[in-house]
Amino acid sequence: MFAKGGNAADAAAAAGFALAVLEPHLNGLGGECPILVRAPDGETHAISGQGPAPAAAERGRFPASGIPGDGIASAAVPATVDAWLLLLEKFGKLPLKEVLRPAVELAADGFPVDARLRAAIDANRLVFPAWPATAAAFSSPGPVLRQPDLARTLESIASRGRSGFYAGRVAQAMAAFFATEQPDRKGEPVKGLIAAADLSGYAGAWEEAVEIDWRGCVVSKCGPWSQGPVFLQMLRLLENDDIGALPEAAWAHLYLEVAKLAFADREGFYGDPKFAEVPLDRLLSTEYAAQRRKLVGPEASRVLRPGEGASPLPWTSGTADRGFEPLGSHTGDTTHVDAADRDGLMVSATPSGGWFDSNPQIPGLGFAPGTRLQMFNLLQYHPNRLEPGKRPRTTLSPGLATLPDGRCLAFGTPGGDGQDQWTLQFFVNVAVRGMGLQEAVEAPLLTSIAFPSSFAPHGATPGGAVVEGRFEKATLDSLLGRGHLATIGGRWEFGRVTAVCFDPKTGVLSAGVSPRRGNAAAVGI
């Protein structure tokens, strides 16, 4: 897109549509895509990119244990297409057909199947036969995977824009599919909830990004319909600590205790602000952070402690499914795209949902519905409880920041509840410890699993934590001694943080990509 005269918006959208073709086990057109944008004038903007629950999504339609992680009843209204089109309408330079051309060609002509996609296909071979359209697309891929149905859907969007997806042939096929019973992963018939009116009536929106000033940085996140503000709450809690000088073990303990407090507030307060009163100004204030910081002591807390005024939160069932993957057999989770250009336009986007292993593909369309309703809680008093027309509180969390020296960052990662944990550690590495982008994304990460998962059954491990195997053994011993239920994960375990940087003083663009868990690339032109 840059070579054709496009900008960062064109590049990000082209990459996003291409990822729906290249990584159907990680995202698809049936999913969602929150986006943050830094305009060339320095203003930041957010695109909600999260579809709501359909009008028919009532609590009684789901089991008491929670909304399942598969089955077409768990689909929110698809938002990815709308989000990318909103971005292009406001900031794009190239014709829509030009932006979608790479995705159309990759779907129609095919691409080499990489090891991770093949592993995801192999892991689900026993499920695909019950889903005819999925089986036709993926059961017997050769070295080159072609997806002609998806190519036709992308061509419809390229020709007609929004109406090429949310109206006409594509929307009619979606509505007809949801009106019939389709097997879930266990082969049980499930009837969908999305109707034609949900599709035609959906429109994402531009919103104000949520921002704080922190140690001379300006940091931007999406609103509390996402988990993004926990990133800002964690920064507030760390604002007066000399975190750059802390030994590894002391930092690990402090980080885990701060994460517990911020994520407890996520559970106690966050939800779609059109439906829930979220006291965000208070939650992000320095006064509130100072009050909460007093709760951090030398020992690990085993208690969920949201702030005053939060909804009552019982520990819920189960500790095994922490929700970094919504399904036990799921081989990936999400994607992320960052883009920047010489004018200072920057895009951070996190496409996800519509995985080919959590729902059957819609015949003739080449993509599967999402399952984002599983993020909802069914507790009557929960701020993220299921309600028709409400956005589920998504884990997807792109990020933007401007550093004190004027450099601008766009960053993000896949990883469910880990997204704002791993990107916060990356950001601290850059903003406080002075690391370059690549050094920062490669530094070892740790993860709290002490709060309720975003995924049903919303289990938690009080005091739980996992550290990458590259941490010093003395750090793990110290955490255990302080009462953390800490375990060692793989040496390169958590997420795939990517980041781009634009320096307006020099015009230099740079990037860093994590080597963890699959494909990541930085490309400049």
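Considering the zone a paramagnetic label at Lys90 would reach in this model (a point 7 Å from Cα along the Cα-to-Cβ line), which residues of the range 36-57 have amide N under 19 Å from it?
The answer is 36-52, whose backbone nitrogens lie closer than 19 Å to the label point.
Using bins 10 angstrom wide from zero, how does P(r) for the range 372-508 break down, in % of all Cα pairs?
Cα pair-distance distribution for the range 372-508, in percent: 11, 32, 30, 21, 6, 0.
Hey, can you rank 360-370, 495-505 by average C-beta count inside 10 Å, highest first? Walk me through the intermediate numbers first.
On the way: 360-370: 24.5, 495-505: 22.6.
Peptide ranking by packing, descending: 360-370, 495-505.
Can you find, among Leu237, Gly459, Ala520, the residue farthest towards the positive end of the dipole of the chain? Put +1 on the C-beta of Lys and Arg, -1 on that of Asp and Glu.
My answer, from the dipole projection, is Gly459.
Hey, which aspartates and glutamates would be in cross-link range of Lys4, C-alpha to C-alpha under 17 Å, not counting anything within fewer than 8 residues on its own chain?
Here the aspartates and glutamates satisfying the reach criterion relative to Lys4 are Glu98, Glu105, Asp341, Asp343.
Enumerate the residues in the range 252-280 having an amide nitrogen under 12 Å from the point lying 7 Å beyond the Cα of Leu480 toward its Cβ.
none
Is there a quick way to get the dipole size of the range 22-71? I mean about its Cα centre, with the Cβ of Lys and Arg at +1 and of Asp and Glu at -1; what is the value in debye to the nearest 20?
Values: 3 positive and 6 negative charges, 43 e Å.
Its charge dipole is roughly 200 debye.
How high is the FRET efficiency between Glu287 and Ser140 when r is their beta carbon distance and R₀ equals 56 Å, given to the nearest 0.05? Working shown, then result.
Details: r = 61 Å, r/R0 = 1.09.
The computed FRET efficiency comes out at 0.35.
What's the center-to-center distance, using Cα atoms, between the range 91-148 and the range 175-244 in Å?
Each part reduced to its Cα centre gives a spacing of 25 Å.
Could you give the distance between the Cα centres of the range 373-415 and the range 486-525, to the whole Å?
Taking the Cα centre of each part, the range 373-415 and the range 486-525 sit 20 Å apart.
Excluding Ala115 itself, what net charge comes from residues whose Cβ is under 13 Å from its Cβ, given Lys and Arg +1 and Asp and Glu -1?
Values: positive: Arg116, Arg118, Arg517; negative: Glu23, Asp114, Asp122.
My count for the surroundings of Ala115 gives 0.
Could you state the per residue volume, in Å³, of the convex hull enclosing the Cα atoms of the chain?
Details: hull volume 66.3 nm³, N = 525.
It comes to 126 Å³ per residue, whole-number rounded.
Could you compute how fast the range 17-122 diffuses translationally, taking Rh as the Kirkwood radius over C-alpha pairs and applying Stokes-Einstein at 20 °C with viscosity 1.002 mPa s? Give it in µm² per second. Before the final figure, lay out the partial values.
Details: Rh = 16.4 Å.
This corresponds to a translational diffusion coefficient of 130 µm²/s.
Give me the percent of Cα-Cα pairs in the range 14-66 that sit more than 13 Å apart, rounded to a whole number. Provide the component values of the computation, followed by the final result.
On the way: 1007 of 1378 pairs.
That fraction is 73 percent.
What's the local net charge at Arg292, with K and R +1, D and E -1, over the other residues with C-beta under 9 Å away? Don't jump to the answer; show the numbers that get you there.
On the way: positive: Arg236, Arg293, Lys294, Arg305; negative: Asp265.
Residues near Arg292 contribute +3 overall.
Kindly put Cys408, Cys222 in sequence by how many other C-beta atoms sit within 10 Å of each C-beta, fewest to most. Intermediate results must be reported in sequence, preceding the final value.
Details: Cys408 20, Cys222 28.
Neighbour counts put them in this order, fewest first: Cys408, Cys222.
Once you list every other residue whose beta carbon is under 13 Å from the beta carbon of Gly399, what net charge do they have if Lys and Arg are +1 and Asp and Glu are -1?
Values: positive: Arg38, Lys221; negative: Glu211, Asp338, Asp420.
Every neighbour counted, the sum reads -1.
Label points 7 Å out from Cα along the Cβ direction at Glu239 and Ala119: separation in nm?
4.2
Taking a 25 Å limit on the Cα-Cα distance, which of the listed pairs Lys97/Lys274; Lys90/Lys221; Lys191/Lys390; Lys221/Lys260 fall beyond it?
Working: Lys97/Lys274 34 Å; Lys90/Lys221 19 Å; Lys191/Lys390 20 Å; Lys221/Lys260 19 Å.
Check vs 25 Å cut-off fails for Lys97/Lys274.
Using alpha carbon centroids, what distance separates the range 24-88 and the range 339-369, in Å?
Spelled out, the Cα-based centre of one part sits 10 Å from the other.
To make sure I understand, if each residue's beta carbon is the centre and we count other beta carbons within 10 Å, what order do Thr447, Thr402, Thr487, Thr506 fall in, fewest to most?
Details: Thr447 25, Thr402 22, Thr487 14, Thr506 9.
Fewest-to-most ranking of Thr447, Thr402, Thr487, Thr506: Thr506, Thr487, Thr402, Thr447.
Computed from the coordinates by the stated procedures, all read-outs in this text should not be read as laboratory data. Just so we're clear, the structure is a prediction, and the values are computed from it rather than from any experiment. Neighbour counts run over all protein chains shown; Cβ positions are idealised from the backbone, glycine included.
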